[in-house]
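For reference, the structure discussed in these notes is given below.
The values are calculated or read from the model by the stated rules, or taken from the named source; none is laboratory data. All figures in this text were calculated on a predicted structure; none of them were measured in a lab. Note that we place each Cβ from the backbone using ideal geometry, even for glycine, and neighbour counts take in every protein chain shown.
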Amino acid sequence: MSQLALPLQLADHAVFASYLASGNESLVAALQALAAGTDTSGCYLWGAAATGKTHLLQAVCTSAGDESVYLPMTLLTDSPPEILHGFANRRLVCIDDVDTAAGKPGWELALFDLCNQVFDAKGSLVAAASAAPRAAAFKLADLQSRLSQLPTFQLRGLDDADTCRALQLRAGHRGLDLPDDTAQFLISRNRRDMASLYKLLDKLDLAALRAQRRLTIPFVKQVLESE
C-alpha cells in the first residue's frame, strides 16, 4: 500500500471470525474462497449502510495478505483518478463504496480501466456498494456492464436476536463477556445500526477496563448516564 499517501490500515477487528454471517453465509463462503485463492470469479456485494460491507472487504484483505489491496472510494475520490494506477498487479483488488464514483467521469473511466486490467491479469475483483450495479447511477455503461458480470450478493440485515449475537461476537473477539440481558438492554436503548452499537461497545470496553467492572446492566447505565 506504499503507493498511497493515505491512512489505509485495515481495522484489527475486521476479520471473518468477528463477523456474524447469519443470513449471509453464501456470501461469506464466497469471500473466503476468494481470499484463499480457490475461487477467482470475484463478486459484487451491496446493502444498506452499517450492514458490514467494509468489515467483509477488509476481512478479505486481512486473510489474503499482501496479495490483496483495499481501496476505499470515499477516501480516494478526493485524489486524482490516476492514484489507481498499478493496483491491477495484486491478485485480489477490493473496492469499497464503488458507487461513490458514480457520476464522476474521470473516476468511472479509471475504475473501468482497473477492472479490465484485473480481469486481463486473471486477478479477482471484489466491489461493495449501497445498490446493485444496475441501480448504482453509473454513467459509463461499460463500467456498469463490467460490474454486473460479477456474481452479485445482497447483504441481509440483522434482526434483534442476531444483533445481540453480533454484539456478543464482537465483545468476545475483544476478550469481553457481554451477557444476554446486557446485549438486549443495549439494542433496546440505543440506535440499532451495527456501526453505532460497535462504537458504543468500544466505549464500554474502555470504561470496564478502567473500572475493572463487568458489563452488567447497572454498570452500562452508569456509563451512559455519565455521558
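For the condition at pLDDT below 95 and in contact with a strand residue (DSSP E or B) (Cβ under 9 Å, 6 or more places away or on another chain), what is the one hit in THR77, THR40?
Criteria check complete, one pass: THR40.
Identify all residues within region 29-46 that are surrounded by fewer than 21 Cβ atoms within 10 Å (Cβ to Cβ) and either of a type in the set (A, V, I, L, M) or more than 20 Å from LEU111 (Cβ to Cβ) (or both); write none if there are none.
Residues satisfying the conditions are ALA29, ALA30, GLN32, ALA33, ALA36, GLY37, THR38, ASP39.
Of the numbered conditions (1) in contact with a Gly (Cβ under 6 Å, 6 or more places away or on another chain); (2) of a type outside the set (D, E, K, R); (3) closer than 30 Å to HIS85 by Cβ, LEU155 fails exactly one; give the number of that condition.
In the conditions (1) in contact with a Gly (Cβ under 6 Å, 6 or more places away or on another chain); (2) of a type outside the set (D, E, K, R); (3) closer than 30 Å to HIS85 by Cβ, LEU155 misses (3) alone.
Which one is farthest from the chain's Cα centre (by Cα), of the residues in region 153-182 that are assigned to a helix (DSSP H, G or I) and among the basic types (Lys, Arg)?
Per the criteria, the residue is ARG165.
Answer with yes or no whether ASP202 is under 30 Å from ASP39 (Cα atoms), surrounded by fewer than 18 Cβ atoms within 10 Å (Cβ to Cβ) and not aliphatic (A, V, I, L, M).
On the way: under 30 Å from ASP39 (Cα atoms): no; surrounded by fewer than 18 Cβ atoms within 10 Å (Cβ to Cβ): yes; not aliphatic (A, V, I, L, M): yes.
So ASP202 fails the test.
Please specify each residue of region 205-222 satisfying the condition of being of a type in the set (A, V, I, L, M, F, W, C) and without any contact (Cβ under 8 Å) to a residue 24 or more places away in the chain.
Within region 205-222, LEU206, ALA207, LEU209, ALA211, PHE219 meet the criteria.
Here is a yes/no grid of residues against (1) surrounded by 15 or more Cβ atoms within 10 Å (Cβ to Cβ); (2) of a type in the set (Ser, Thr, Tyr); (3) within 19 Å of LEU57 (Cα to Cα):
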position: HIS85; (1), (2), (3): no, no, no
position: ASN89; (1), (2), (3): no, no, yes
position: ASP97; (1), (2), (3): yes, no, yes
position: ALA101; (1), (2), (3): yes, no, yes
position: CYS115; (1), (2), (3): yes, no, yes
position: ARG134; (1), (2), (3): no, no, no
position: PHE138; (1), (2), (3): yes, no, no
position: ASP142; (1), (2), (3): no, no, no
position: THR152; (1), (2), (3): yes, yes, yes
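Output the number of residues of region 183-198 satisfying the condition of being in a helix (DSSP H, G or I), within 23 Å of ASP12 (Cβ to Cβ) and either of a type outside the set (Gly, Ala, Ser) or free of Cβ contacts under 8 Å to residues at least 60 places away in the same chain (or both). Please lay out each step first, then the result.
First, pick out the residues of region 183-198 that are in a helix (DSSP H, G or I): 183-189, 194-198.
Then keep just the ones that are within 23 Å of ASP12 (Cβ to Cβ); that gives 183, 186, 194-198.
Keeping just the survivors that are either of a type outside the set (Gly, Ala, Ser) or free of Cβ contacts under 8 Å to residues at least 60 places away in the same chain (or both) gives 183, 186, 194, 197-198.
Residues flagged as in a helix (DSSP H, G or I), within 23 Å of ASP12 (Cβ to Cβ) and either of a type outside the set (Gly, Ala, Ser) or free of Cβ contacts under 8 Å to residues at least 60 places away in the same chain (or both) within region 183-198 amount to 5.
Would it be correct to say that THR216 is closer than 13 Å to LEU167 by Cα and either surrounded by 14 or more Cβ atoms within 10 Å (Cβ to Cβ) or touching a strand residue (DSSP E or B) at 6+ places or on another chain (Cβ under 9 Å) (or both)? Quick ask: steps written out before the conclusion?
Numbers: closer than 13 Å to LEU167 by Cα: no; either surrounded by 14 or more Cβ atoms within 10 Å (Cβ to Cβ) or touching a strand residue (DSSP E or B) at 6+ places or on another chain (Cβ under 9 Å) (or both): yes.
Answer is no for this residue.
Here are some residues: LEU150, LEU201. Which one is in contact (Cβ under 8 Å) with a residue 24 or more places away in the chain and outside any helix (DSSP H, G or I)? Even if it seems obvious, please write down each step before you answer.
Values: LEU201 fails: outside any helix (DSSP H, G or I).
Among LEU150, LEU201, only LEU150 is in contact (Cβ under 8 Å) with a residue 24 or more places away in the chain and outside any helix (DSSP H, G or I).
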